[in-house]
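The values are calculated or read from the model by the stated rules, or taken from the named source; none is laboratory data. Keep in mind that this is a model prediction, so the values were computed, not measured. Backbone-built Cβ (ideal geometry, glycine too); neighbour counts: all protein chains shown. Protein only, heavy atoms only, side chains kept; ligands, DNA and RNA dropped before computing areas. Shrake-Rupley method; radii C 1.70, N 1.55, O 1.52, S 1.80 Å.
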Amino acid sequence: MTSIAPPNCLSQVDATEGFTQFRKSVERPPLLQPPHPVPRPTLPPLFDQPWALPSEWLELVEERTSDMHPEMGGGRVLVLAQWHAYLEARALSHYKETRNAFEGVHQSSRLSAGLAHGCVSPREIWYDTFTYEQHYGANESTYWLRFELLWREYFRWYSRASDWTLFRRSGPADRAVSGDQQATRFRAWREGQTGCDIVDAAMRELRQTGWMSNRARQLVASHCIYESGLDWRLGAAWFEAQLVDHDVASNWGNWAYIAGVGADPRGGRVFNLDQQASRYDPEGVYCNRWLSR
Ligand SMILES: Cc1cc2nc3c(=O)[nH]c(=O)nc-3n(C[C@H](O)[C@H](O)[C@H](O)COP(=O)(O)OP(=O)(O)OC[C@H]3O[C@@H](n4cnc5c(N)ncnc54)[C@H](O)[C@@H]3O)c2cc1C
């Protein structure tokens, strides 16, 4: 794997070392901060033209989108509305406790699609968390959102350093792994018909909404690789086709990590699915909701 050092504010960091090394390099005093987000530039006046100016389109879009439910659409206006509602509800102060749940209002920030599509920048979210801390106080949860943004950042550099090896079966780590591409097992997994309730519920949620929580993503990936015995790349490709927040680096980096061919120093993650289901969905509310559809 090629070693690629990130430029600018992360120039002292090598993404080919593990995440912990990466994070420590960023957090070691003096803390490396990303540059402040750049304000939207003022554009020069356009030539006379028969069609509307971009600023007029924006007014139209804002008018149209202001009535929509924040969770129902995309674009910067809605992503920011949802993010500000999350902050106003002070959900950030509990983020670390809620982020592992499968669902729930303000269970996590729901920023991923906005970030993946460039509607908001990680830098502005990063600095918003500091402003929030000034108003409502800092705690482990407020820090933890930045910690997760660092995972995102890490996977971006990791994917650049890994180049095409991120997409081969043996991954950037070049480790031999089992797993086949058997059609029946793959169909059962992707359609939520494996017989494992927590996996089937999550896969149905993915198919119907294009989203699932981080915990659910880890569990279905673990099932795909270690229970269904499939080539991990089939799972990554299915996620790529389904996720509304698909991001090449985060998706393939996380899949390779769980498959043990990526950045995990422990060499892969096998989850005990029954234990996880009883811990994070003890009453079976989440399972019942999606299995009944
Ligand atoms: C197998 C698998 C595939 C994934 N595929 C994607 C993907 O295609 N696109 C994507 O954005 N995330 C992916 N993730 C990471 C994570 O699951 C989602 O970012 C998160 O669930 C989105 O919800 P949120 O915005 O409410 O996250 P929050 O928990 O509120 O986190 C805030 C932000 O931090 C970043 N983040 C959080 N966790 C991770 C993580 N493990 N890796 C990288 N960044 C993270 C995201 O940008 C997220 O929006 C994947 C995780 C796994 C296990």
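Observations on the structure shown:
- A single entry from Gly262, Gly235 fulfils the requirement of being closer than 19 Å to Val177 by Cα, more than 8 Å from the ligand (Cβ to nearest atom) and small (Gly, Ala, Ser): Gly262.
- Test: Phe186 is within 26 Å of Tyr95 (Cβ to Cβ) and more than 9 Å from the ligand (Cβ to nearest atom): no
- For Ser278, the conditions (1) open to solvent by 20 Å² or more (accessible area, probe 1.4 Å); (2) over 19 Å from Glu148 (Cα atoms); (3) near the ligand (Cβ under 10 Å from one of its atoms) are fulfilled apart from (3).
- The sole residue among Glu63, Glu71, Glu56 that is modelled with pLDDT of 60 or more, open to solvent by 100 Å² or more (accessible area, probe 1.4 Å) and more than 30 Å from Val261 (Cα to Cα) is Glu63.
- Qualifying positions in the stretch 154-169 - surrounded by fewer than 22 Cβ atoms within 10 Å (Cβ to Cβ) and part of a helix (DSSP H, G or I): Arg156, Trp157, Arg160, Ala161, Asp163, Trp164, Thr165, Phe167
- Residue check, Leu273 over 28 Å from Glu153 (Cα atoms), of a type in the set (A, V, I, L, M) and either at pLDDT below 95 or more than 11 Å from the ligand (Cβ to nearest atom) (or both): yes
To keep it simple, each residue is scored yes or no on (1) more than 11 Å from the ligand (Cβ to nearest atom); (2) part of a loop (DSSP other than H, G, I, E, B); (3) surrounded by 15 or more Cβ atoms within 10 Å (Cβ to Cβ); (4) in the same structural domain as Arg152 (by TED's automatic domain parsing).
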{"position": "Ser93", "(1), (2), (3), (4)": "yes, no, yes, yes"}
{"position": "Asn100", "(1), (2), (3), (4)": "no, yes, yes, yes"}
{"position": "Val105", "(1), (2), (3), (4)": "yes, yes, no, yes"}
{"position": "Ala113", "(1), (2), (3), (4)": "no, no, yes, yes"}
{"position": "Ile125", "(1), (2), (3), (4)": "no, no, yes, yes"}
{"position": "Thr131", "(1), (2), (3), (4)": "yes, no, no, yes"}
{"position": "His135", "(1), (2), (3), (4)": "yes, no, no, yes"}
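- Of all residue pairs spaced 6 or more apart or on separate chains, those with beta-carbon atoms under 6 Å, a first member in the stretch 163-176 that is on the phi > 0 side of the Ramachandran plot and a second member that is of a type outside the set (S, T, N, Q) are Gly171/Ala256; Gly171/Val261; Gly171/Gly262.
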